[in-house]
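Worksheet: one structure, shown below.
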Amino acid sequence: MSKEQIKSRKLTRTLTSLTTKTLRVCAPELGKKLARKVLLTPKRMQNKWPSHVKQFNTMTRYGKVRTYKYGQGKSIWFIHGWSSCAFDFWPLMQKLAEKGYSCLSFDFPGHGFSEGKQSSLPQMIKAFDDISASFLDPNMIITHSMGASTLANSHWFKHCKSDLLLISPVLNSYELLQKLVKNSGFDQELFDQTIHGIFKKEKLFLPELSAIPKLKNFTGQLKIIHDKHDVLAPLAMSKELSLQTKAKLITTNKLGHNKILRSKNILDVIASYSTIQTQENSIA
């Protein structure tokens, strides 16, 4: 990073700090509104799905969630993370459908083509519980990023017997968000007010939603694939989870947080599950 870039980043951080602190003190309601917009509004990506993919809406307490189904056979669910969407899994869904699997994915509220403008991890957790109640349990679940925390903190997961693959998992969303807020200069007290506002509405407290304690109780097959150069989701958290659960951790190199979804290594990892091997052998 050049000196000019460092200087510009410091200036932006200072301005962010002054602006958000001033709003919290002088215009608290406007400050809260800005905080919700900045912290709770995911980037909405809307990609065009192929016409042969079955699309339909699943009802949740937050409105209609766009759902996608492709392929026939044993069921695999895909759970995306924050500011992402189901379409990120499409290349993987295609390959697995060719091997004889039924792939189901969906856009969380406020994401993709689903209803809603704002979202949060507690909302994603409750939406997942609503969605999971609409379908038969899958043979396998594949999560990416914050999808891991969404799944692990859901009521449905307490009785989960499906195989599980975590790709670039964000296992402590509050810790990650706290770090981003600190680095940006966003006012800490305004951030705390936003977190408590979510708790008041959803009755789930973000600092208590670490995924690791829940995943430690999981008794099915669990594997993790994570890139060594992932700057968004720390590899150290996946290493900690692997040590505490004895889950196999597979690392990639120079793929980052999102490109890893197109890695051929994922198909190799999926093929290593005993249930997947059984399905592929029956097709062969």
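Annotation note: of F199, F191, F205, F157, the sole residue that is more than 16 Å from I79 (Cα to Cα), of a type in the set (F, W, Y) and out of contact with any Pro (no Cβ under 9 Å at 6 or more places or on another chain) is F191.
Filtered by the rule that a residue be at pLDDT 95 or above and under 17 Å from the mean Cα position of the chain (by Cα), segment 224-234 gives I224, I225, H226, D227, D230. Using the structure shown, decide if L177 is in contact (Cβ under 8 Å) with a residue 40 or more places away in the chain, surrounded by 13 or more Cβ atoms within 10 Å (Cβ to Cβ) and closer than 29 Å to I224 by Cβ. Here the answer is yes, as L177 does meet what is asked.
Taking segment 58-116 as the region of interest, how many residues are farther than 28 Å from A233 by Cα, touching a Phe, Trp or Tyr at 6+ places or on another chain (Cβ under 7 Å) and not hydroxyl-bearing (S, T, Y)? Residues in segment 58-116 being farther than 28 Å from A233 by Cα, touching a Phe, Trp or Tyr at 6+ places or on another chain (Cβ under 7 Å) and not hydroxyl-bearing (S, T, Y): 4 in total. Among the residues of segment 112-130, not one is more than 17 Å from the chain's Cα centre (by Cα) and in a helix (DSSP H, G or I).
Meeting the requirement of 1 or more residues that are assigned by TED's automatic domain parsing to the domain that holds F191, over 24 Å from K264 (Cβ atoms) and of a type in the set (A, V, I, L, M), the helices (runs of 4 or more DSSP H) wholly within segment 1-111 are 3-26, 28-40. Of the set (1) buried (at least 21 other Cβ atoms within 10 Å of the Cβ); (2) aliphatic (A, V, I, L, M); (3) out of contact with any Lys or Arg (no Cβ under 8 Å at 6 or more places or on another chain), all apply to A127 but (3). Scanning segment 225-265 for residues that are in a helix (DSSP H, G or I) and farther than 23 Å from L180 by Cβ turns up S242, L243, Q244, T245, R262, K264, N265. Report yes if Q244 is over 21 Å from M124 (Cα atoms), surrounded by 15 or more Cβ atoms within 10 Å (Cβ to Cβ) and modelled with pLDDT under 95, otherwise no. No. Being more than 15 Å from G116 (Cβ to Cβ), surrounded by fewer than 19 Cβ atoms within 10 Å (Cβ to Cβ), modelled with pLDDT of 95 or more and touching a helix residue (DSSP H, G or I) at 6+ places or on another chain (Cβ under 7 Å) is the filter here; which residues of segment 40-72 pass it? Matches in segment 40-72: W49 only. Checked against (1) loosely packed, with under 13 Cβ neighbours inside 10 Å; (2) within 30 Å of S162 (Cα to Cα), T12 passes all but a single condition, namely (2).
Hey, any hits in segment 132-152 for a residue that's farther than 21 Å from V269 by Cβ and part of a helix (DSSP H, G or I)? The answer is yes, given that some residue of segment 132-152 is farther than 21 Å from V269 by Cβ and part of a helix (DSSP H, G or I). For segment 218-257, the set of residues classified as under 16 Å from M146 (Cβ atoms) and among the hydroxyl-bearing types (S, T, Y) consists of S238 only.
Results for (1) surrounded by 22 or more Cβ atoms within 10 Å (Cβ to Cβ); (2) of a type in the set (S, T, Y); (3) modelled with pLDDT under 95; (4) farther than 19 Å from P207 by Cα, shown as yes or no for each residue.
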| site | (1), (2), (3), (4) |
| --- | --- |
| I79 | yes, no, no, yes |
| L92 | yes, no, no, yes |
| Q123 | yes, no, no, no |
| I131 | no, no, no, yes |
| M140 | yes, no, no, yes |
| L171 | yes, no, no, no |
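Comparison of P91, P28, P109 shows that the only residue that is within 30 Å of Q188 (Cβ to Cβ) and under 20 Å from the mean Cα position of the chain (by Cα) is P109. Of the residues making up segment 182-215, just one is loosely packed, with under 13 Cβ neighbours inside 10 Å and part of a loop (DSSP other than H, G, I, E, B), namely K203.
The values are calculated or read from the model by the stated rules, or taken from the named source; none is laboratory data. The structure presented is a predicted model; accordingly, all values stated were derived computationally and were not measured. So basically every Cβ, Gly included, is an ideal-geometry build from the backbone, and we count neighbours across all protein chains shown.
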